1. Specify the residue with the greatest mean-square fluctuation among Ala251, Ala165, Ala125, computed from a Gaussian network of the chain linking alpha-carbon atoms under 10 Å apart.
2. Once the cut-off is 13 Å, how many percent of the Cα-Cα pairs in the range 2-69 end up in the long-distance tail?
3. Give, as a single signed number, the net charge of other residues whose beta carbon lies under 15 Å from the beta carbon of Glu163, with Lys and Arg counted +1 and Asp and Glu -1.
4. Would you order Glu33, Glu170 from fewest to most other beta-carbon atoms within 10 Å of each residue's own beta-carbon?
5. Could you list Arg15, Arg247 so that the one with the fewest beta carbons within 10 Å of its beta carbon is first and the one with the most is last?
6. Can you compute the helix-only [θ] at 222 nm over the chain? Use -39500 (n - 2.57) per DSSP H run of at least 4 residues, normalise by all residues, nearest 500 deg cm²/dmol.
7. Between the alpha-carbon centers of the range 269-292 and the range 119-165, tell me the distance in whole angstrom.
8. Have a look at the range 223-296 and give its Rg and Dmax from the Cα atoms, expressed in angstrom.
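Read the figures in this text as sums done on the coordinates, not as results from a lab. Given the structure is predicted, the values throughout are model-derived calculations rather than measurements. Here the Cβ positions follow ideal geometry from the backbone for every residue, glycine too, while neighbour counts run over all protein chains shown.
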Amino acid sequence: CGYIFSRGKEQMDQRKFHLIQHVQRVQHQFAFEVEEAALDAVAAWAAEANAILFSTDGAILAPDGRVLLGANGKFDEDAREPYPEDAGKRYQRSHQQLSELQIRVPASLPPVIGECEVLLREPAAVHERCMGLAAVAIRAETALSSPPLVQAAELFEMVPGSEQALTPNERAFVETQQPSQHDATQFLWRYEGLYVLLWAMGAFEDLRFPEGICDVPGCVRALKGSKPPQRLRPAAQILDALDLHYRLHWATTDARVRGTELDADLDPGVVFERHYALNWLTRFQDADWDDVETPT
């Protein structure tokens, strides 16, 4: 990763970021010499294997030999990183859906990872995360409504198993006697992440389009008395949701920065929380919940 960062000016940009993400997902590394007559065969293998190539002149190459990033920081405008076939098809489906909704996102946003690359969280870890999210969201709700504010001991009785499920940031919020309105508002949004994870566990058949907040009472009912499922819903469905929300997050962020309105009815807060939960679920950068990032 440091090798990629050092190409050209030592500053992060979108191209370097996505190359680094690719390298972090690499499962195998090979060093070999290739005769010129075999270059076409290597290109075909690299495309099928989702491989990028590091040449002896310091350049990083796409399977077809185009320069993704040269030693001097320059690159071919037409160079594209390889992605698994299912990731490319998912990318096309997301763009088609967004086009029908008149939501415009740049074609340069890459696909998310493919089924052969993703390692989902274990079902027990997802269920435990649901307990933690429910606990902090419930406390936030009481903090923003009429008293009394539910305190830690009572909260842990209301949501069995939540005490052990809390992250450091969540525990600090739960143990604060009088949380600020800002903190309570931030943690109230965790219902949206809870909804995504419950959907991933199969509690809901569909993940609704993010035009409004989730059915909070429905989420609480689905979680009450639940146990970890034997398996999550298929990775393909989870990655479909991730790819779509990744692009929706870009669209809502771009609209906010530009001070414009989107033609489609979207709730930016809901989009962000879903992207956050899906990144955790798919182990983006293998980050713990408190440290999840949602770059667009």
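1. The residue with the greatest mean-square fluctuation here is Ala125.
2. 67 percent
3. Taking every Cβ under 15 Å from that of Glu163, the sum is -2.
4. Glu33, Glu170
5. With the fewest neighbours first, Arg15, Arg247 line up as Arg15, Arg247.
6. -15500 deg cm²/dmol
7. After rounding, the separation between the Cα centres reads 18 Å.
8. 14.4, 45
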